[in-house]
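Engineer: Got a structure here, written out as structure tokens. Questions coming.
The values are calculated or read from the model by the stated rules, or taken from the named source; none is laboratory data. Please read these numbers as outputs of a predicted model, since none were measured by experiment. Neighbour counts run over all protein chains shown; Cβ positions are idealised from the backbone, glycine included. When the accessible area is computed, the model is the full protein with side chains, heavy atoms only, and any ligands, DNA or RNA have been set aside. Shrake-Rupley method; radii C 1.70, N 1.55, O 1.52, S 1.80 Å.
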Amino acid sequence: MKVRVTDTYEDMSDAALSFVVDQVRHKPDSVLGLAAGSTPLLLYQKMCDAMKEGTVDFSRIRTFCLDEYIGLSPEAPQSYHSFMKKELFDGLGLPPERTRIPDGMAADIARECAMYGAEIEAAGGIDLVILGIGQNAHIGFNEPGDTFVPETHVVELSEATRQANARFFDSLEETPHWAVSMGIRDIMLSRNILLLASGAGKTEALYQAVCGDITPKAPASILQLHRNVLVLADKAAVARMPTKYLD
Ligand code: GLP
């Protein structure tokens with residue numbers, strides 16, 4: 001797994017856009033897996049701009065988000081429902097029936113997890129999943145642990161993740177303890193994977209993902225086993241990466 005390095009976050013987002021556009025031009029009804037978080041924000045903005053300018057047509061894509069907090073209503077401003085709607089789906093004009101997100105308020109959460117996996121399968125699987133990486137090398141909300149969890153599942157968020165995500169909430173206390181996440185199998189079955197990393201805060205996590213042992217203690221390291229992964233990172237995120245891993 002090699003890392004394509006760009007000078008800046010903006011350059012990384014441009015390179016990501018061109019990868020996503022190629023995918024959707026090649027298959028206009030592509031199924032995309034989507035991360036929330038700060039890293040893909042500029043990519044999402046650029047996708048909306050490209051759609052507005054008529055460079056590419058995203059109207060036939062279907063999307064499955066990687067994760068959602070448990071206990072937040074879809075309307076809550078910090079929910080990933082709100083985030084994705086505001087940052088991407090409204091700009092692309094995608095209706096809710098094309099944009100599935102786990103329901104963190106489901107009365108029967110185990111059933112919701114099972115349904116989510118079944119819906120991904122019924123859609124023909126994911127063509128391209130766009131991933132960020134947590135500071136502890138999580139992908140989606142697949143947190144470090146003793147095993148890889150294959151299916152969509154309920155996760156207890158680590159303290160490190162809650163602290164990293166507290167910036168989106170009024171306080172750490174208000175930051176949820178639980179989430180639903182697509183599992184590692186769902187991600188690894190995606191036909192293509194785009195992993196994005198930006199900034200010095202991701203240097204260690206990206207090092208573990210690309211150069212470290214394949215271990216559930218650094219969930220992103222499993223991506224080393226996938227044959228179609230593009231890792232895009234800015235200079236700051238590859239500060240301690242040996243050059244043999246750089247493209
Ligand atoms: C979050 C999300 C992930 C995201 C990662 C990095 O907690 N669950 O999907 O990729 O952590 O987030 P950011 O891009 O904000 O650093």
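Engineer: Please check: in the Gaussian network model of the chain (C-alpha springs, under 10 Å), which one of VAL129, VAL31, VAL56 has the largest mean-square fluctuation.
Structural biologist: Checking each option, the largest mean-square fluctuation is seen for VAL56.
Engineer: How large is ³J(HN,Hα), in whole Hz, for each residue of region 83-88 in order, when computed from phi with the Karplus curve 6.51 cos²θ - 1.76 cosθ + 1.60 and θ = phi - 60°, using x for Gly and Pro?
Structural biologist: Using θ = phi - 60°, the values come out as 4, 5, 4, 5, 8, 9 Hz.
Engineer: Taking the convex hull of the Cα atoms, report for region 76-129 its projected area averaged over all directions, in nm².
Structural biologist: Over all viewing directions, region 76-129 projects a mean Cα-hull area of 4.4 nm².
Engineer: Convert each backbone phi in region 108-123 into a coupling constant with the Karplus relation 6.51 cos²θ - 1.76 cosθ + 1.60 (shift: θ = phi - 60°), then list the ³J(HN,Hα) values in order as whole Hz, x for Gly and Pro.
Structural biologist: Once θ is set to phi - 60°, the couplings for region 108-123 become 10, 6, 5, 5, 4, 4, 5, 5, 4, x, 5, 5, 4, 5, 5, 7 Hz.
Engineer: Gaussian network model of the chain, Cα springs within a sub-10 Å range: biggest mean-square fluctuation belongs to which of SER59, SER38, SER18?
Structural biologist: Largest GNM mean-square fluctuation: SER38.
Engineer: Let's test the formula: R0 of 22 Å, r as the Cβ-Cβ distance of ASP57 and LYS86. What FRET efficiency results, to the nearest 0.05?
Structural biologist: Between ASP57 and LYS86 the formula returns 0.55.
Engineer: Just the number please: accessible area per residue for region 117-167, 1.4 Å probe, all protein chains included, in Å².
Structural biologist: Spelled out: the 1.4 Å probe surface of region 117-167, per residue, equals 40 Å².
Engineer: Given a cut-off of 26 Å, what percent of all Cα-Cα pairs of region 100-243 lie beyond it?
Structural biologist: 25 percent
Engineer: Collect residues whose amide H, placed 1.01 Å from N in the peptide plane, falls under 5 Å from the amide H of LEU157; neighbours closer than 5 in sequence don't count.
Structural biologist: For LEU157, whose amide H was placed from the backbone, the distant partners under 5 Å are TRP178, ALA179.
Engineer: Also, I was wondering about something else. If you wrap a convex hull around the C-alpha atoms of the chain and split its volume per residue, what is the figure in Å³?
Structural biologist: Here the figure is 115 Å³ per residue.
Engineer: When only Cα pairs under 8 Å and 6 or more residues apart are kept, what is the percent relative contact order across region 13-137?
Structural biologist: The value is 32 percent.
Engineer: On the protein heavy atoms, probe 1.4 angstrom, tell me the percent of accessible surface of region 178-247 carried by carbon and sulfur.
Structural biologist: 52 percent
Engineer: So, one more: Below 8 Å, C-alpha to C-alpha, sequence gap of six or more: please give me the relative contact order for the chain in percent.
Structural biologist: Relative CO of the chain lands at 26 percent.
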